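Visitor: First the structure, which I've put down as structure tokens, then a few questions once you've had a look.
Coordinate-derived values only; no laboratory data. These numbers were taken from a predicted model, which means no experiment stands behind them. With ideal geometry, Cβ positions are generated from the backbone for all residues, glycine too; neighbour counts draw on all protein chains shown.
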Amino acid sequence: MDHQIERYDDHTVIIRQGLHTNFEAPFLYLLLGSERALLLDTGTGHVPLRPLVESLLDGRELVVAHTHAHGDHVGGDGEFAAVVGHSAAEVAASFGIADWPHGIGQLDLGDRILDVIPIPGHQGADIAVYDRSTRLLLTGDSLYPGRLYVKDWDAFRASVSRLAAFVADGNPVEWVLGAHIELTTRPGEDYEMGATEHPDEHELRLAPAVLTELASVLGPEPARIVRDHFIVQPL
Ligand SMILES: [Zn+2]
Ligand SMILES: [Zn+2]
């Protein structure tokens, strides 16, 4: 099996690219609305993805977008006829985000509205996706149980603060779901970079309090920060 599939509910599919296909083993999300579906990320491109996605669409129109533009999230783009562009400007235009990164965009899948929140800092065109129907918050490489690599500290700190404020401002979160797992079940213990086996792996989901925790521990100066459920790693 090149991908592991978990149905979070009837309209929400969590796809993980197998660890044996690439050590990044990214998580991809397929959110199904009444008219359209969003595929968030296309993986590393080492294994075919489109046949699996098409088998789940049930006639819906497909929108392909990305949590950010790193190669392990856009690697499968070539399989799809159309994808949202990789630059912040293209992402902003696609989701109607004015004043990147301060504005918030929307995508209506048909009876399912997603909020698209710019969170640059890890890469530059990073977004979080909030699904109003399931109250899932998809955070890409900006928050997951693993090493949060920060390229632009000031931007990342501001993004995490805005995201925490968005949640506090009437958008409650059931679970925060990121794009990788690099921690074990033991607090703050990560696998070696490039490990192709993950014994005793941390679960994917993070409680919303972990976002609040991340916002609270980011100081003004770049610093490596090890917590139970994430490691902040400045670049
Ligand atoms: Zn990344
Ligand atoms: Zn990644």
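Visitor: Could you run the Karplus curve 6.51 cos²θ - 1.76 cosθ + 1.60 with θ = phi - 60° over the range 152-158 and give me ³J(HN,Hα) per residue in whole Hz, x for Gly and Pro?
Guide: 10, 4, 4, 5, 5, 4, 5
Visitor: Can you give the net charge of the other residues whose Cβ lies under 14 Å from the Cβ of Pro208, counting K and R as +1 and D and E as -1?
Guide: Overall, the nearby charge balance is -2.
Visitor: I've got another one for you. Please sort 186-196, 28-38 by packing, taking for each peptide the average over its residues of neighbouring beta carbons within 10 angstrom, highest first.
Guide: Working: 186-196: 12.3, 28-38: 19.7.
Taking the mean over residues of other Cβ atoms within 10 Å, the ranking is 28-38, 186-196.
Visitor: Starting from the coordinates of the alpha-carbon atoms of the range 123-235, obtain the Kirkwood hydrodynamic radius over all distinct pairs and give the value in Å to one decimal.
Guide: 14.3
Visitor: Once the other residues with Cβ under 13 Å from the Cβ of Gln233 are scored (Lys, Arg +1; Asp, Glu -1), what is the net sum?
Guide: Local charge sum for Gln233: +1.
Visitor: Estimate the FRET efficiency between Ala168 and Ser34 by the formula 1/(1 + (r/R0)^6), using the beta-carbon distance for r and 22 Å for R0, to the nearest 0.05.
Guide: 0.15
Visitor: Using 0.36 nm per residue of separation minus the Cα-Cα distance, give me the extension gain between Asp58 and Ser87 in nm, one decimal.
Guide: So the chain would gain 7.4 nm between Asp58 and Ser87.
Visitor: Between Arg132 and Met193, 0.36 nm times their residue separation minus their Cα-Cα distance comes to what?
Guide: Full extension from Arg132 to Met193 adds 18.5 nm.
Visitor: Net charge near Gln123: determine it from the other residues with C-beta under 13 Å of the C-beta of Gln123, scoring Lys and Arg +1 and Asp and Glu -1.
Guide: It works out to a net charge of -4.
Visitor: In Å, the Kirkwood hydrodynamic radius of the chain over pairs of distinct alpha carbons? Show your work: numbers first, answer last.
Guide: Values: mean 1/r = 0.0567 Å⁻¹.
Answer for the chain: a Kirkwood hydrodynamic radius of 17.6 Å.
Visitor: Tell me the mean residue ellipticity at 222 nm calculated for the chain from its helices only (DSSP H runs of n ≥ 4, each -39500 (n - 2.57), averaged over every residue, nearest 500).
Guide: Roughly -5500 deg cm²/dmol at 222 nm, from the helical runs in the chain.
Visitor: Per-residue counts of other Cβ atoms within 10 Å, averaged by peptide: what ranking do you get for 88-100, 115-127, 66-78, 150-162, highest first?
Guide: The packing order, highest mean first, is 115-127, 66-78, 150-162, 88-100.
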